[in-house]
Amino acid sequence: TGVTAQRLKRHQENWHLFESSNLKGRGITEKEYYGLPWPCWSETHPGSPVLYNTDLPVMQGGMGFRANFGLE
C-alpha cells in the first residue's frame, strides 16, 4: 500500500494546499489527493477518489473498477 504515516502527516500539515471541491493537492502535495483515498497502490500513486473514472490513467487516480456481482 502507498499509504504511509509520513504521507498522511504531510497532508494533515498542509491541508490548506488541497482543493475542497475535488481533493487535489497543490504545491508540495501536487499529484496527490487528500487522505490518499483507497486504493493507493504505491508511494508514487495519488490515491483513487473515484473508482470508476476510466478517463484518467491509474497513476493519476483513475481506475476501471467494475462490480462483478449483481449483474447476472
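The table below gives the values:
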{"item": "Tabulated pairs, region 22-41, first farther than 16 Å from residue 9 by Cβ, second among the polar types (S, T, N, Q), C-beta under 6 angstrom, 6+ apart or interchain", "result": "37/48; 39/48"}
{"item": "Meets criteria (surrounded by 14 or more Cβ atoms within 10 Å (Cβ to Cβ), of a type in the set (Asp, Glu) and modelled with pLDDT of 90 or more) for residue 32", "result": "yes"}
{"item": "Filter result for residue 27 (on the phi > 0 side of the Ramachandran plot and at pLDDT 95 or above)", "result": "yes"}
{"item": "Answer from 30, 43 - the residue that is over 13 Å from residue 1 (Cβ atoms) and among the charged types (D, E, K, R)", "result": "30"}
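The values are calculated or read from the model by the stated rules, or taken from the named source; none is laboratory data. On a predicted model such as this, the values are computed, not experimentally measured, just so you know. As a convention, Cβ positions derive from the backbone with ideal geometry for all residues, glycine included, and neighbour counts pool all protein chains shown.
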